[in-house]
1. Considering only the stretch 30-41, I want to know if a residue exists there that is farther than 20 Å from Asp113 by Cβ and among the hydroxyl-bearing types (Ser, Thr, Tyr).
2. If I filter the stretch 19-32 down to residues being touching a residue at least 60 places away in the same chain (Cβ under 8 Å) and aliphatic (A, V, I, L, M), which single residue comes out as surrounded by the fewest Cβ atoms within 10 Å (Cβ to Cβ)?
3. Out of everything in the stretch 3-18 that is closer than 20 Å to Trp124 by Cα and among the aromatic types (Phe, Trp, Tyr), what residue ends up being surrounded by the most Cβ atoms within 10 Å (Cβ to Cβ)?
4. Could you please find all residues in the stretch 78-107 being more than 17 Å from Leu58 (Cα to Cα), surrounded by 22 or more Cβ atoms within 10 Å (Cβ to Cβ) and without any contact (Cβ under 8 Å) to a residue 60 or more places away in the chain?
5. Hey, among the residues in the stretch 1-57 that are among the small types (Gly, Ala, Ser) and outside any strand (DSSP E or B), which one's nearest to Thr135 (Cα to Cα)?
6. In the stretch 9-51, which residue that is at pLDDT below 95 and touching a Gly at 6+ places or on another chain (Cβ under 7 Å) is farthest from Arg142 (Cα to Cα)?
7. Would you call Asp3 of a type in the set (D, E, K, R) and without any contact (Cβ under 8 Å) to a residue 24 or more places away in the chain?
8. Report, ordered by the first and then the second residue, all pairs with beta carbons closer than 8 Å, sequence separation of six or more or different chains, a first member in the stretch 52-77 that is buried (at least 18 other Cβ atoms within 10 Å of the Cβ) and modelled with pLDDT under 95, and a second member that is of a type in the set (Asp, Glu) and outside any loop (DSSP other than H, G, I, E, B).
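The values are calculated or read from the model by the stated rules, or taken from the named source; none is laboratory data. This one's a predicted model, so the numbers in the text were calculated from it and none came from an experiment. Note: ideal-geometry Cβ built from the backbone for every residue, glycine included; neighbour counts use all protein chains shown.
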Amino acid sequence: MTDIAFYHLQKWPLEKALPKLLEKTLEAGKRAVVMAGSAERVQALNTLLWTYGRDSWLPHGTAREGNAEDQPVWLTMDDDNPNGAVFLFLTDGAASVRVAGYERCFELFDGNDPQAVDAARGRWQVYKDAGHALTYWQQTVRGGWEEKG
């Protein structure tokens, strides 16, 4: 079964949290697929990963650039895995029927949006019923992560 971690974003928006999690992914020698909710969001994340820090960028690609097999991070709105990733990041409420094909799945949701929280609760139950290993992470005041029961 897949390890699925829910990340309840409260202090940081996705644009600040996602690059940090992807940095850790690459440091661990893993590949990632990031699923977004729209083509516009994929393009915004594409720009973000080139510019999120003054001296930082993350190697990544999208269907527009092609060559998925060469990209350690693949940004998409499609439920596919063209770069052979073992980590899946779901943003904007995106859902995948391929979760079981990944080692880890990261569900990132806006904890300040009641609809996003309700949707995350629903996905938690679906994953639990399917037998996946679940963890729940909430942001601390300093922006770090604390596992909650």
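1. no
2. Leu21
3. The residue in question is Tyr7.
4. Matches in the stretch 78-107: Leu90 only.
5. Looking at residues that are among the small types (Gly, Ala, Ser) and outside any strand (DSSP E or B), I get Ala17.
6. So, considering only residues that are at pLDDT below 95 and touching a Gly at 6+ places or on another chain (Cβ under 7 Å), the one farthest from Arg142 (Cα to Cα) is Gly37.
7. For Asp3, the condition - of a type in the set (D, E, K, R) and without any contact (Cβ under 8 Å) to a residue 24 or more places away in the chain - is not met.
8. Close Cβ pairs (under 8 Å, with a partner that is of a type in the set (Asp, Glu) and outside any loop (DSSP other than H, G, I, E, B)) amount to Tyr52/Glu15; Leu58/Glu23.
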